[in-house]
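Q: Take a look at the following structure, please.
The values are calculated or read from the model by the stated rules, or taken from the named source; none is laboratory data. On a predicted model such as this, the values are computed, not experimentally measured, just so you know. Here the Cβ is made from the backbone with ideal geometry for all residues, glycine too, and neighbour counts use every protein chain on show. Side chains included, ligands, DNA and RNA excluded: accessible areas come from the protein's heavy atoms. Shrake-Rupley method; radii C 1.70, N 1.55, O 1.52, S 1.80 Å.
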Amino acid sequence: MHKRIAITGMGMVSSIGMSVEENLQSLLAIKNGISRIENVPTRLADSILVGEIKKTNEELIQQLGIPKLNDYSRTAMLGRIAIQEAIQCAGLTKDDLSSIGFINSTSVGGMDVIEQYYKEFQVNEEHRHYIDVHDAGSNTELIAQDLGIEGYVTTISTACSSAANAIMMGARLIEAGRIDKVIVGGMDALCKFTMNGFNTLMILSDTYNQPFDDNRKGLNLGEGAAYLILESDKSVQERGAKAIAYLAGYANSNDAFHQTASSENGEGAYLAMKEALAISGLSVSDIDYVNVHGTATPNNDLSEGRAMIQLFGDHVPPFSSTKPFTGHTLATAASVEAIYSIFALQKGIILPNLNFQTKMQEFDLIPETQISEKKINAVMSNSFGFGGNCSSLIFCN
């Protein structure tokens with residue numbers, strides 16, 4: 001059993017709120033953020049629904065107070081807003097930031113801005129500076145530089161498990177004594193590249209997504225950013241900080257099955273959940289709630305359901321997918337759902353799996369469809385990415 005890692009700060013933006021508190025209130029009010037897309041010109045605008053943040057890039061620039069001419073992609077602007085909230089929540093000072101680590105994750109990186117101008121780069125110099133922000137890591141470095149973050153800085157991109165792996169890497173660095181506090185999480189914006197890509201895979205829904213429903217049609221893409229501040233016990237004591245919750249277990253596995261699909265028996269998901277439990281020192285009976293990956297695609301929900309049955313047997317804990325609230329935020333999904341898992345711990349609630357109607361034929365698992373109160377001591381949160389990259393996190397009081 002590894003030492004628990006303290007969580008002392010949280011920050012986030014999503015289609016249901018521009019802060020941690022706004023997200024919580026939207027969840028409690030059962031308010032989803034799924035709508036038609038407005039900020040990205042796309043031929044898919046009338047055929048898909050997305051979890052879009054209803055702020056233009058100009059409004060985000062104004063909110064951040066950065067110059068109109070800047071090197072920020074939409075992805076990076078969302079990330080910086082969420083990070084600033086997490087820093088404030090944790091009570092970190094400029095001196096703290098000079099030594100803190102930053103493990104960021106993204107899939108989109110700067111492609112949301114690159115795709116707007118790539119046709120004119122050769123003939124027009126005005127927007128050519130954006131070429132440098134295409135790379136995922138450059139977005140991380142820009143935020144780190146502007147916020148005065150001078151510790152260990154790196155970027156992880158493992159598709160939809162990215163933020164989970166950033167959280168896991170941050171925890172491992174603390175346990176190894178490399179750093180004593182670290183910002184971890186992910187950021188992604190909607191863009192034509194990802195919408196067209198997922199549309200080509202034929203896994204986008206033209207209606208509200210229905211995780212674990214027999215008639216599920218696919219996912220709604222979303223955008224957002226979410227970050228946690230992780231600290232060692234020593235750092236918490238020295239700063240006089242307060243732990244919001246603890247990261248008790250984590251694991252990553254790969255089923256090496258397919259470039260985009262999970263194995264039908266859920267082998268990778270099972271191994272990640274099993275190892276996360278082993279690291280936490282908890283047993284299957286200690287898990288009070290599972291925030292599932294739950295993308296509402298035929299492959300994921302079948303694979304994840306079979307993995308949970310393999311792990312928990314006849315006693316699968318209450319579970320739900322919160323993606324019907326925000327859409328699937330790609331690299332950000334795990335950190336968004338980490339914060340939602342912490343809400344469950346803090347408030348003693350199980351969040352509902354919206355839009356569920358019909359049980360899947362392959363097994364008898366039924367997600368929680370109503371918000372309910374329950375004493376919760378341990379939450380498992382799953383995130384599975386393309387290439388079979390499966391990660392599971394366990395949060396405790």
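Q: Using R₀ = 30 Å, calculate the FRET efficiency as 1/(1 + (r/R₀)^6) where r is the Cβ-Cβ separation of Q357 and E264; round to 0.05.
A: According to the calculation, E is roughly 0.80.
Q: Quick check: the distance between the Cα centres of segment 141-156 and segment 100-139, to the nearest angstrom?
A: 16 Å
Q: Once the principal axes of the Cα atoms of segment 123-199 are found, what is the range along each, listed largest first in whole angstroms?
A: Principal extents (Cα only, largest first): 50, 32, 13 Å.
Q: For segment 219-280, what percent of Cα pairs sit more than 20 Å apart?
A: 56 percent
Q: Okay, moving on. To check my understanding: the extent here is largest minus smallest coordinate of the Cα atoms along each principal axis. What are those three numbers for segment 71-229, in Å, largest first?
A: Principal axes ranked by extent give 50, 47, 25 Å for the Cα atoms.
Q: Using alpha-carbon positions, what is the distance between the centroids of segment 224-284 and segment 6-21, in Å?
A: Taking the Cα centre of segment 6-21 as reference, the centre of segment 224-284 is 18 Å away.
Q: In the Gaussian network model of the chain, springs joining C-alpha atoms below 10 Å, which of G222, G51, G148 carries the largest mean-square fluctuation?
A: G148
Q: Can you give the accessible area of T194, probe radius 1.4 Å, in Å² rounded to 10?
A: For T194, solvent-accessible area is about 20 Å².
Q: Comparing K234, K181, K54, which has the greatest mean-square fluctuation in the GNM of the chain with Cα pairs linked when under 10 Å apart?
A: Top of the fluctuation ranking is K234.
Q: State in Å² the accessible area per residue of segment 1-82; use a 1.4 Å probe, count heavy atoms of protein chains only, and round to the nearest integer.
A: 45 Å²
Q: Assuming a ≥ b ≥ c are the square roots of the Cα gyration tensor eigenvalues, decide whether segment 207-320 counts as rounded (a/c under 1.5), prolate (otherwise, with a/b larger than b/c) or oblate.
A: prolate
Q: Let me ask something else about it. Per residue, what accessible area does segment 330-397 have, given a 1.4 Å probe and all protein chains present, in Å²?
A: 33 Å²
Q: With charges set only on the Cβ (+1 for Lys and Arg, -1 for Asp and Glu), what does the dipole of segment 26-101 come to about its Cα centre, in debye to the nearest 20?
A: 200 debye
Q: Also: Points 7 angstrom from Cα along the Cβ direction at Q145 and T56: gap in nanometres?
A: Modelled inter-label distance: 2.8 nm.
Q: Suppose every Lys and Arg Cβ carries +1 and every Asp and Glu Cβ carries -1, with no other charges. What dipole size does segment 38-166 come out with about its Cα centre, to the nearest 20 debye?
A: So the dipole magnitude of segment 38-166 works out to roughly 200 debye.
Q: Dividing the alpha-carbon Rg of the chain by 2.2 N^0.38 Å yields what?
A: Computed over Cα atoms of the chain, the ratio equals 0.92.
Q: Pick from G109, G151, G11: which is most flexible by mean-square fluctuation in a GNM of the chain where alpha carbon atoms under 10 Å apart are linked?
A: Taking springs between Cα atoms under 10 Å, the residue moving most is G151.
Q: Related question: Hey, any idea what % of the chain's accessible area is carbon plus sulfur with a 1.4 Å probe?
A: Result for the chain: 47 percent of the exposed heavy-atom area is carbon or sulfur.
Q: To the nearest 10 square angstrom, what accessible area does D314 show with a 1.4 Å probe?
A: My reading of the accessible area for D314 is about 150 Å².
Q: With the crude spin-label approximation of a point 7 Å out along Cα→Cβ, what separation in nm comes out for A29 versus N215?
A: 2.9 nm
Q: Given Cβ point charges of +1 (Lys, Arg) and -1 (Asp, Glu) and nothing else, what value in debye, to the nearest 20, does the dipole of the chain about its Cα centre take?
A: It comes to approximately 480 debye.
Q: While we're looking at this one, here's another question. If you take the beta carbon distance between S283 and R172 as r and set R0 to 22 Å, what does 1/(1 + (r/R0)^6) give as a FRET efficiency, to the nearest 0.05?
A: 0.45
Q: Take T93, project a point 7 Å from its Cα along the Cβ direction, then tell me which residues of segment 172-188 have their backbone nitrogen under 18 Å from it.
A: Residues 180-182 qualify, since their backbone N sits under 18 Å from the label point.
Q: Can you send over the solvent-accessible area of C89, 1.4 Å probe, protein chains only, in Å² to the nearest 10?
A: In the full protein context, C89 sits at about 70 Å².
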